[in-house]
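The values are calculated or read from the model by the stated rules, or taken from the named source; none is laboratory data. All values reported here derive from a predicted model rather than from experimental measurement. Heads up, the Cβs are rebuilt from the backbone with ideal geometry, glycines too, and the neighbour counts pull from every protein chain shown.
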Amino acid sequence: MPVVALKTFGCKVNRCDTAAMALGLRERGFEAVPAPRENADAFLVNTCAVTARAVQKTAKHLRGLRRDHPRAPIAVYGCAVSYAGAFADVENAAFFERGAEAQALDFLQERLLEDPESQIPKQPCRRQSGRTLTAENGEDAEGHGRGFPRNTPRFPRLDPSPIAAGSPGGSPSNAPGSSVFQDSGSPSPLSSSRTPGQDPLTLGRTRAFVKVADGCDGRCTFCVVPRLRGPFRSRPLEEILEETRALAGAGHREIVPVAVHLGCWGEDLDPPRKPGELVEKIASVPGVERVRLSSLESAKLGEDLLDLAGHEGVAPHFHLPLQSGDASVLERMGRGYTPEAFLDAVDRIRKRFPTVAVTTDVIAGFPGESEDAFGNTLALCRKAAFSRIHAFPFSVRPGTPAASYPDLLSKREIRARMDALLSLGRALAERFRAGRIGATDRVLLERPVKDRPGFFEGLDGVYQRVIVPALDEEAGRLVDVRITGVEGNRCVGERV
């Protein structure tokens, strides 16, 4: 059975897309494994275009793959492939824009199963999805990428019948475009045959990500996601629950519903639904012991989500992207809220959840950000008492409004502000971990601790890494723990 190694760059939504591609490979008779896999017969790389650094890292990875595997087919797809100028210097690989995922699988099937002696293309082979997305083509009258009309197809239904329960590989589907892509050409993971640690849809992870929506209707001036992923589209509730039931039946105890904008889920359904209902429904699936929310915009923090307070099946963890704590910078970013409104959202969470973690994203060095503006960001972070700060340097993305903004900061200035954010983030994280001593929580046992036999590491409800005594056969379970101390960036716990 040919082996295809899959590599993902970028966000949790990308991980879900990779998982769907893994299932598509399995349907066609391949073994899909996480990268790195030195003896793989082919490679499938999912790309990210959110920052220039992400594109550079992917290009470096692709060049290394070609150097180390000169004859192996390499299929590259995802957001960065659809972005103008990405990977212009990468040779001898096949590129597939978003929406052309089935063609990527066709390419690998042709190279590995039908014509293994065929030559690797000497020049990059770029397969389009019927839409050309470049930094120059602009947006339509509604502000969406021209290639994505408002009626962009929703998520396809997957017929899991080609995969027999317990089958290591299933039966290959020789028709172009497997059932994973039978409706719209965009992946939707769903399977009735899954095994924790070997599941092609989770690629060895104990937590399972379930894609509940795609696209974005935001107008952030620095971001290319709406251009590349199209308008926001909710996935129907029953499809989400069907996938969740399959994952829970395979032993996955923590489910993470994933979307670019989780708080918008259901707004475009008929009739409209609330994200709080979605979370409650997922939490009620037999076998699901914990649901962890993915990123939420503070402006979309409705009462339906706050009403989840006290639900023992919902992790008390909210990730609210801040980006900046200065009013003028937020306005130029097109974020749609003020620092005061953001802090109000944090206060509403803390009033309803007695124990809670609030994490965030912050951009350092947005064009025109003054020293005072950056100081306002640091002050807001301290006041919000985030348990973790994900800091990112501003990255110019061609085709976005912010790319043409004046007053770009120097690399040195951006680096200095990154250092300040990271230092503050470490201090806030240390204070949060110290405050956890004596608390009891449930920890998802994810992996053995390399330097401590008989111990496992996993996440508790407030997104802290905890090491705790555990047996190998307990991997993937949620266990009750009391936090007894802190070692570096991890908590230490005892079983209760």
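Residues in segment 244-262 that are part of a helix (DSSP H, G or I) and surrounded by 24 or more Cβ atoms within 10 Å (Cβ to Cβ) were compared, and the one that is modelled with the highest pLDDT is 244.
Residues that are outside the structural domain of residue 82 (by TED's automatic domain parsing) and closer than 30 Å to residue 52 by Cβ do not occur anywhere in segment 435-457.
Suppose we keep only residues that are touching a Leu at 6+ places or on another chain (Cβ under 8 Å) and either among the hydroxyl-bearing types (Ser, Thr, Tyr) or assigned to a strand (DSSP E or B) (or both) within segment 477-496. Which one would you say is farthest from residue 288 (Cα to Cα)? Restricting to residues being touching a Leu at 6+ places or on another chain (Cβ under 8 Å) and either among the hydroxyl-bearing types (Ser, Thr, Tyr) or assigned to a strand (DSSP E or B) (or both), the top hit is 479.
Limited to segment 450-468, what total is found for residues that are more than 25 Å from the chain's Cα centre (by Cα) and surrounded by 15 or more Cβ atoms within 10 Å (Cβ to Cβ)? First the steps, then the outcome.
Step one: filter segment 450-468 for residues more than 25 Å from the chain's Cα centre (by Cα), giving 450-455, 468.
Remaining after also requiring surrounded by 15 or more Cβ atoms within 10 Å (Cβ to Cβ): 455, 468.
So the answer is 2.
Screening residue 359 on (1) in a loop (DSSP other than H, G, I, E, B); (2) in contact (Cβ under 8 Å) with a residue 60 or more places away in the chain shows it passes everything except condition (1). For residue 220, the stated conditions do not hold, so it cannot be described as in contact with an Asp or Glu (Cβ under 8 Å, 6 or more places away or on another chain) and surrounded by 18 or more Cβ atoms within 10 Å (Cβ to Cβ).
Restrict the check to segment 350-367 and report whether at least one residue is at pLDDT 95 or above, in contact with a Cys (Cβ under 6 Å, 6 or more places away or on another chain), surrounded by fewer than 20 Cβ atoms within 10 Å (Cβ to Cβ) and not charged (D, E, K, R). The answer is no; no qualifying residue exists.
When the residues of segment 15-50 are narrowed to those that are of a type in the set (S, T, N, Q) and buried (at least 20 other Cβ atoms within 10 Å of the Cβ), which ends up farthest from residue 223 (Cα to Cα)?
Among those residues, the one meeting the criterion is 18.
Is there a residue in segment 44-60 that is assigned to a strand (DSSP E or B) and touching a residue at least 60 places away in the same chain (Cβ under 8 Å)? Yes, segment 44-60 has at least one match.
Being free of Cβ contacts under 8 Å to residues at least 60 places away in the same chain, of a type in the set (Ser, Thr, Tyr) and buried (at least 17 other Cβ atoms within 10 Å of the Cβ) is the requirement here; does residue 324 meet it? Can you show your working first?
Numbers: free of Cβ contacts under 8 Å to residues at least 60 places away in the same chain: yes; of a type in the set (Ser, Thr, Tyr): yes; buried (at least 17 other Cβ atoms within 10 Å of the Cβ): yes.
So residue 324 passes the test.
Assess whether residue 318 counts as being modelled with pLDDT of 95 or more, under 17 Å from residue 463 (Cβ atoms) and among the aromatic types (Phe, Trp, Tyr). Show your work before the answer.
Values: modelled with pLDDT of 95 or more: yes; under 17 Å from residue 463 (Cβ atoms): yes; among the aromatic types (Phe, Trp, Tyr): yes.
It is true that residue 318 is modelled with pLDDT of 95 or more, under 17 Å from residue 463 (Cβ atoms) and among the aromatic types (Phe, Trp, Tyr).
Among the residues of segment 355-374, those identified as of a type outside the set (Asp, Glu), more than 28 Å from the chain's Cα centre (by Cα) and more than 20 Å from residue 422 (Cβ to Cβ) are 368, 370. Residues that are touching a Leu at 6+ places or on another chain (Cβ under 7 Å) and in a strand (DSSP E or B) were ranked within segment 458-476; the one that is nearest to residue 293 (Cα to Cα) is 459. The lone criterion from (1) among the hydrophobic types (A, V, I, L, M, F, W, C); (2) part of a helix (DSSP H, G or I); (3) buried (at least 20 other Cβ atoms within 10 Å of the Cβ) left unmet by residue 241 is number (3). Restricting attention to segment 401-420, the residues that are in contact with a helix residue (DSSP H, G or I) (Cβ under 9 Å, 6 or more places away or on another chain) and either small (Gly, Ala, Ser) or modelled with pLDDT under 95 (or both) add up to 2. Every listed requirement among (1) in contact with a strand residue (DSSP E or B) (Cβ under 8 Å, 6 or more places away or on another chain); (2) aliphatic (A, V, I, L, M); (3) without any contact (Cβ under 8 Å) to a residue 60 or more places away in the chain is met by residue 384 save one, (3). Only one of the numbered conditions (1) in a helix (DSSP H, G or I); (2) touching a residue at least 12 places away in the same chain (Cβ under 8 Å); (3) surrounded by fewer than 16 Cβ atoms within 10 Å (Cβ to Cβ) is not met by residue 416, and that is (2).
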